[in-house]
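The values are calculated or read from the model by the stated rules, or taken from the named source; none is laboratory data. None of these values were measured; they are calculated from a predicted model. Glycine gets a Cβ as well: all are built from the backbone with ideal geometry, and neighbour counts include every protein chain shown.
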Amino acid sequence: MTAPVRFPRFFVTSPAPCPYLPGQTERKVFTELKGPHAETLNDALGRIGFRRSQTVAYRPSCVDCRACVSVRVVTREFTPSTGQKRALKRNADLIVNECRPWATSEQYSLLQRYLASRHPGGGMAAMDEMDYADMVEHTAVTSHVIEYREPSENGEAGRLVGACLTDRQADGMSMIYSFYDPDNARQGLGSFIILDHIRRAAEQGLPYVYLGYWVHGSQRMQYKIRFRPLERLGPGGWERISEIEQQALIASVAAAPRQAAPCVRGVSKDGAPGGRRQYRME
């Protein structure tokens, strides 16, 4: 006789400064992922907009704001744009390995360079090597670190230039956190990591790549709108962003002046894990 699945208990975080929109506060609803049904629960919650941080699944639950929108790429219908084709070509020589979720000093060093360049002053900038190990290794679901390395002179895997902590879900891949060498001469390395995930998911028969939250008005989240076709989670469930609307959004991003995205201390890109201190279960 199969034991009944226990309904998870949900908690709410205290209000904190919003990492995306200046002057706003954020609040999250979350639950713990543990036990033999953790993977099934994570899959179910992922379909309704939750993200994973170590052994916690969370989603925004702000009182007066709905700016954070879950988005996912439809892998079988994806067609790269001209710019994305260039990113694929420029980085086609990279050697890609799917590794078990085990943190390394090499990964941590790369993360530190990435954060110092792209998210200085953000919440993750204070992470030490133990925090990074917690971020990667504390998981109750099927996770991998996908590494991207330049070929050495003899053609073998050489210097690490990119990595992504990725969850395998029943209906797709969920990109938990990606980072790359900000000083590398290669262009489009960040886009290439997403493009590679789309390719890998399609080859494995997985219909979606989950990109996390897209926030209209937050400059550092706008790269997600460039991947088509894209679905977003609304009050009625997942819906396709129309070609006309998405093209208009892409055009508005391209026309906007590029400015340094503000970082809010204590929080991080896309709610990325920087420790479980904000999640208190009482």
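Listing for the model above:
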item	result
Members of the stretch 179-192 that are touching a strand residue (DSSP E or B) at 6+ places or on another chain (Cβ under 8 Å) and either farther than 23 Å from P229 by Cβ or buried (at least 22 other Cβ atoms within 10 Å of the Cβ) (or both)	F179, Y180, D181, N184, R186, L189, F192
Residue within the stretch 56-75 that is within 16 Å of H144 (Cα to Cα) and not polar (S, T, N, Q) present	no
Inter-residue pairs, beta-carbon under 6 Å, first over 13 Å from C65 (Cβ atoms) and in the stretch 6-34, second at pLDDT below 90 and assigned to a loop (DSSP other than H, G, I, E, B), 6+ apart	F11/M281; T13/Q278; F30/Y279; T31/P8
Matching residues in the stretch 117-142 - criterion: being under 27 Å from G158 (Cβ atoms), touching a residue at least 40 places away in the same chain (Cβ under 8 Å) and in contact with a Pro (Cβ under 8 Å, 6 or more places away or on another chain)	S117, R118, M135
Some residue of the stretch 267-280 being over 29 Å from A126 (Cβ atoms) and at pLDDT below 95	no
Any strands (runs of 3 or more DSSP E) falling wholly within the stretch 78-180 and containing at least 2 residues that are farther than 27 Å from G49 by Cα	95-99, 143-151, 157-169
Residue selected from the stretch 207-229 under the condition modelled with pLDDT under 95 and hydrophobic (A, V, I, L, M, F, W, C), by the criterion farthest from R66 (Cα to Cα)	I225
Among (1) under 17 Å from the mean Cα position of the chain (by Cα); (2) not in a helix (DSSP H, G or I), the one test that D43 misses	(2)
Failed item in (1) out of contact with any Ser or Thr (no Cβ under 9 Å at 6 or more places or on another chain); (2) among the small types (G, A, S); (3) without any contact (Cβ under 8 Å) to a residue 60 or more places away in the chain, with S61 passing the rest	(1)
Checklist (1) in contact (Cβ under 8 Å) with a residue 12 or more places away in the chain; (2) outside any helix (DSSP H, G or I); (3) aliphatic (A, V, I, L, M) applied to A185, failing item	(1)
Looking only at the stretch 198-231, and only at residues there that are surrounded by 17 or more Cβ atoms within 10 Å (Cβ to Cβ) and of a type in the set (K, R), the one that is nearest to A251 (Cα to Cα)	R226
L195 vs. criteria buried (at least 20 other Cβ atoms within 10 Å of the Cβ) and aliphatic (A, V, I, L, M)	yes
